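Heads up, the thing below is written out as structure tokens.
The values are calculated or read from the model by the stated rules, or taken from the named source; none is laboratory data. In this text the structure is predicted, and so the values were computed from the model without any measurement. Cβ placement follows ideal geometry from the backbone for every residue including glycine, while neighbour counts extend to all protein chains displayed.
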Amino acid sequence: MKNKLRVLRAERAWSQGELSVRLGVSRQAINAIETEKHDPSLELAFRMAALFQLPIEQIFEPETK
Amino acid sequence: MSAQPVVASSSSNFKTILLVIGSYAIGGSVGYLCVKLLMTQFHLSGKFLTSADAVALWLGIAFLGAGAMLAFVSTNRTLLARSMEGEGVEVPATDDEVRISRLQAAVLALAGVMLLTPIFALHRVSLHPGFAVKVYFAIVVLFVLQTVLNVRLWRASDEYGRRTMLIVAASTFGIGQALLFLWGVAGRLGLTAGISGWDAIILLMSCYMAVGLGSWFVARWGLRSKIRRGERVL
């Protein structure tokens with residue numbers, strides 16, 4: 001799953017540590033999601049959508065072959 | 001918004017794989033030297049020490065060392081944050097991150113102590129067989145304590161931490177089961193010596209150490225693969 005988390009975070013000048021505190025997860029989780037090593041749970045995806053005030057599909061995009 | 005997220009490329013995959021192999025080589029060499037030194041200092045050679053005991057010594061030192069290092073890193077929030085974050089660190093480690101790191105350090109250190117204790121008790125047990133029961137009871141107490149800490153670690157971790165634990169456990173089971181099966185069959189056919197419970201647990205702990213160390217490097221530096229992303233590869 002592709003995502004725009006790094007871009008959205010950079011636009012707000014947040015570090016991975018800052019974003020992790022805002023979302024209530026570890027900074028390893030943020031790093032893993034940004035580098036597409038981990039697809040977040042639905043619950044976390046909704047928390048991200050609420051934090052960035054964007055629909056989920058504007059943050060995540062399925063990878064197409 | 002046209003910018004794409006940065007993902008691990010094949011060159012960074014190569015870097016991660018090199019780091020894993022390098023850490024195994026360095027850890028193995030340092031561990032071997034430590035084991036040789038301990039065997040000389042504590043007269044552990046000869047009839048008291050099997051091959052599994054020598055590996056247990058190496059693993060015990062490695063677990064204890066990793067626990068001590070993590071405990072030390074957790075005393076400095078900036079250093080701890082740097083060990084976890086994939087880019088420039090501006091936010092020091094939080095209370096939760098410090099707590100989780102200390103729990104991990106305690107779990108690792110206890111694993112080391114539980115592996116080393118039987119080895120260092122062997123000589124005395126050979127002189128006073130009743131001592132074995134006391135050592136066993138002490139190890140059971142440590143094991144219960146470690147289990148409690150492991151459960152607390154699971155509960156304190158987020159979804160990514162739990163996923164990592166599950167992957168390490170599943171990989172250790174898969175690799176350990178395969179090795180135990182092949183060793184067990186060879187033993188049953190008389191091709192190798194039989195396998196004891198101690199041999200089996202040392203083999204499993206060796207797998208756990210190798211998989212756990214590899215997973216830490218992958219979590220820190222990344223490894224991009226179709227399998228990890230859940231895609232079919234055939």
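Among the residues in segment B:76-90, are any over 30 Å from A:W14 (Cβ atoms) and either touching a helix residue (DSSP H, G or I) at 6+ places or on another chain (Cβ under 6 Å) or at pLDDT below 85 (or both)? No, every residue in segment B:76-90 fails to be over 30 Å from A:W14 (Cβ atoms) and either touching a helix residue (DSSP H, G or I) at 6+ places or on another chain (Cβ under 6 Å) or at pLDDT below 85 (or both).
Cβ-Cβ contacts under 8 Å between residues 6 or more apart (or on different chains), taken from a first residue in segment B:155-180 that is over 21 Å from B:L204 (Cβ atoms) to a second residue that is hydroxyl-bearing (S, T, Y), are listed as B:S157/A:S26; B:D158/A:S26; B:E159/A:S41; B:Y160/A:S26; B:G161/A:S26. Taking each residue of segment A:10-23 that is in contact (Cβ under 8 Å) with a residue 60 or more places away in the chain and looking for partners that are among the hydroxyl-bearing types (S, T, Y) with beta-carbon atoms closer than 9 Å, six or more apart or interchain, yields nothing. Of all the residues in segment A:12-38, those that are assigned to a helix (DSSP H, G or I), among the polar types (S, T, N, Q) and at the interface with chain B (Cβ under 7 Å from one of its Cβ atoms) number 3.
Of all residues in segment A:1-23, those satisfying the criterion of being at pLDDT below 90, surrounded by fewer than 17 Cβ atoms within 10 Å (Cβ to Cβ) and within 12 Å of the chain's Cα centre (by Cα) are A:M1, A:K2.
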